[in-house]
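Structure record follows, encoded as structure tokens.
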Amino acid sequence: MTAVDLGFPRVPGTRGSSRAPRPANPHLIDTFGRVATDLRVSLTDRCNLRCTYCMPAEGLDWMPGEQVLTDDELVRLMRIAVEQLGVTDIRLTGGEPLLRPGLEDLVARITALSPRPRLSMTTNGIGLAKRAAGLAAAGLNRINVSLDTVDPETFKTITRRDRLSHVIAGLAAARDAGMAPVKVNAVLIRGLNETEAVPLLKFCLAEGYHLRFIEQMPLDAQHGWNRGEMITAAEILSMLQTSFELTPFPSARGGAPAERWLVDGGPGDVGVIASVTRPFCAACERTRLTADGAVRSCLFSNDETDLRSLVRAGARDEEVADAWRATMWGKLAGHEINDAGFAQPIRPMSAIGG
Ligand code: SF4
């Protein structure tokens, strides 16, 4: 196994050691010179699909209701993030965020924060057809919908639900409600849907959606991830190039997870998020809040800080902010998936959020 060089700048004298004294800085800095401005918030660990690469058919033991942050607690933590910690972008995730009761009101409260964060959401699209207009009216204007195939039988095999038409209708409703961009997130798995790359791109180009392929990551609840089953970025690109001409996207990538290409000269584009084979941790701008109030410095962290107990114990905003800063100061260099000693996080993706 070759260790992939993550290509990090170093903050002099700190070299990844969180024991180094943290300089006085209000933002979510770490010892590698990164600053987290993109907050991912998991609203629930529950989901109404059973994707084979995410959870078992019977689902999981969902978090008890009293452990899940209330709307007031969520909005307070997001307010602290935008007012004191320099967060500019918030992405709502799950499990499945559309299962969160009162989501439209929550969206309206988030977009009323000042400074106003850019708000987006990642959803499986089930139920979106009925909710898109209300969510857009509440202030949600960017959305990613997970869709790994445009074939109904393959959809049923992957998600264990016969709901492809619901997702397709949800996408159209989001576009018609004026959300932009409307992105499609797709995971390809060998022996399951690897032949779907070209049909998915044709569908998205025809409908005006922005397709993002994501390499499958070792975050499933069953801990069954197998590198050999993962379709790599290189394989995805070579499959697409059998039908399309791909040229590098003109604008700089920055901290965005996706590498992008223009398709057939544009304006259509396609992106690949190559978390495993081409890690982008050196430019990571993300911090995460779980549905039960834990802050995580990285998707693959094996430690996290419980902000819920702090909040419920009556902590002041400054104390909560300091705990959040301290967690991010200790952020590791990257995910270590390609390192010999890699240990998959205990918490599954469905309880962390994308
Ligand atoms: S794996 Fe962790 S450090 Fe790397 S990009 Fe993802 S969240 Fe950031």
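Observations on the model:
- Cα-Cα pairs of the range 170-278 separated by more than 22 Å (percent): 33 percent
- For the chain, size of Cβ-based charge dipole, Lys and Arg +1, Asp and Glu -1, in debye: 560 debye
- Phi to ³J(HN,Hα) by Karplus 6.51 cos²θ - 1.76 cosθ + 1.60 over the range 127-142, Hz, x for Gly, Pro: x, 5, 4, 7, 9, 4, 4, x, 5, 5, 5, 7, x, 7, 10, 9
- Calculated P(r) of the chain - Cα pairs past 29 Å, %: 39 percent
- In a simple Cβ point-charge model (Lys, Arg +1; Asp, Glu -1; nothing else charged), the range 162-295 has a dipole of about 280 debye relative to its Cα centre.
- In the chain, helices alone account for a calculated mean residue ellipticity at 222 nm of -8000 deg cm²/dmol, with every DSSP H run of four or more residues adding -39,500 (n - 2.57).
- Which of Glu96, Glu73, Glu66 is most accessible, then next, and so on - probe 1.4 Å: Glu66, Glu73, Glu96
- Taking all protein chains as they are arranged and a probe of 1.4 Å, the heavy atoms of Asp292 leave approximately 30 Å² accessible to solvent.
- With protein chains left intact and a 1.4 Å probe, residues in the range 28-352 average 38 Å² of accessible area per residue.
- Eligible lysines near Lys202 by straight Cα distance, threshold 23 Å, same-chain separation 8 or greater: Lys156, Lys183
- Residues whose placed amide H lies under 5 Å from that of Val182, excluding near-sequence neighbours: His210
The values are calculated or read from the model by the stated rules, or taken from the named source; none is laboratory data. The structure displayed is predicted, hence computed values, not measured ones. Positions of Cβ are backbone-derived with ideal geometry, glycine not excepted, and every protein chain shown enters the neighbour counts. Surface areas here come from the heavy atoms of the whole protein model, side chains and all, with no ligands, DNA or RNA. Shrake-Rupley method; radii C 1.70, N 1.55, O 1.52, S 1.80 Å.
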